[in-house]
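First the structure, in the form of structure tokens, and then the observations on it.
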Amino acid sequence: MKVIKIVAITGSTRKNSSNFKILKHISEHIKPNFEVEIFEDLDRIPHFNPDLDTENPPEEIRLFRNKIMEADGIIICTPEYVFSLPGSLKNALEWCVSTTIFSNKKVGLITASASGEMGHEQLLLIMKTLEAKFNDNTQLLIQGIRGKIDAEGKIINEETEIALQNFINNFENQFL
């Protein structure tokens, strides 16, 4: 059985964030032939500068882009900060605008935050702009995340557990 490589990007730079815990949960509940690598290094990506987006971009950008290119699929799980995407996630995605690395790439998009509605809308719009491949079944908004996951990362809300399992199933089905 073919191994399907997934890069899971956490939009939070906080170590052991709720978003990281959700990605960890997904990596533990996805089918065994899916290999999930959680990317937590958004804080190492330099500020986007179109002057540096040339034939020889910074090393961190080359590594980030290569991870995306080599992956069969991408999952992004992000919080919402001040009714928007975290700057570090938006910055990383801006480094991808001049490329086609997300074009027709199968993605799963999750916003897990207190509210998250506006951040989620922005994430969907940016990923549509990057021509990523997703649908209503491969995107999820989880509101009030702090009350739905415990300190160890266990989902403690049954509705959220069901929604995440449906998300995982729908994401996997893109590869069948």
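All of the numbers you see were taken from the coordinates with simple rules; none came from a lab. If you're wondering where the values come from, they're calculated on a predicted model, not measured in any experiment. So basically every Cβ, Gly included, is an ideal-geometry build from the backbone, and we count neighbours across all protein chains shown.
For Ile110, nonlocal amide neighbours, meaning residues 5 or more places apart or on other chains whose placed amide H falls under 5 Å from its own, are Ile76, Cys77, Thr78, Leu140. Take every DSSP beta bridge whose two residues both sit in the chain; close to 10 percent of them are antiparallel. Relative intensity of the range 19-117 on a log10 scale, I(q)/I(0) at q = 0.23 Å⁻¹, equals -1.38, per a Debye sum over C-alpha point scatterers of equal strength in the absence of solvent. For the range 53-133, the relative contact order works out to 37 percent when only alpha carbon pairs closer than 8 Å and six or more residues apart are counted.
For Phe39, the residues 5 or more places off, or on other chains, whose built amide H falls under 5 Å of its own are Ala8, Ile9, Thr10. Applying the criteria of a DSSP loop state and at most 11 other Cβ atoms within 10 Å to the trypsin sites (Lys or Arg not before Pro) of the range 114-176 yields Lys154. Would you kindly give the portion of the calculated P(r) for the range 109-163 that falls above 17 Å, as a percent of all Cα pairs? Everything past 17 Å amounts to 41 percent. In percent, rounded to a whole number, the relative contact order of the chain is 24, using alpha-carbon pairs under 8 Å and six or more apart. Of all DSSP-defined beta bridges confined to the range 1-88, some 10% are antiparallel rather than parallel.
Listed values for the range 22-28 are Karplus-derived 3J(HN,Hα) couplings in whole Hz (6.51 cos²θ - 1.76 cosθ + 1.60, θ = phi - 60°), namely 5, 5, 4, 4, 4, 4, 8, and x replaces Gly and Pro.
In loop segments of the range 74-124 as defined by DSSP, there are no GluC sites (Glu not before Pro) with at most 11 further C-beta atoms inside 10 Å of their C-beta.
Taking Lys15, Lys24, Lys106 in turn, the Gaussian network model of the chain (Cα-Cα springs below 10 Å) assigns the largest fluctuation to Lys15.
Using all pairs of distinct alpha-carbon atoms, the Kirkwood hydrodynamic radius of the range 79-176 works out to 14.3 angstrom.
Helices in the chain, meaning DSSP H runs of at least 4 residues, each add -39500 (n - 2.57). Divided by all residues, the mean residue ellipticity at 222 nm is -11000 deg cm²/dmol. What the phi angles of the range 49-65 give under the Karplus curve with 6.51, -1.76 and 1.60, with θ = phi - 60°, is a coupling list of 9, x, 5, 8, 8, 10, 5, 10, x, x, 3, 4, 6, 4, 5, 4, 4 Hz, glycine and proline written as x.
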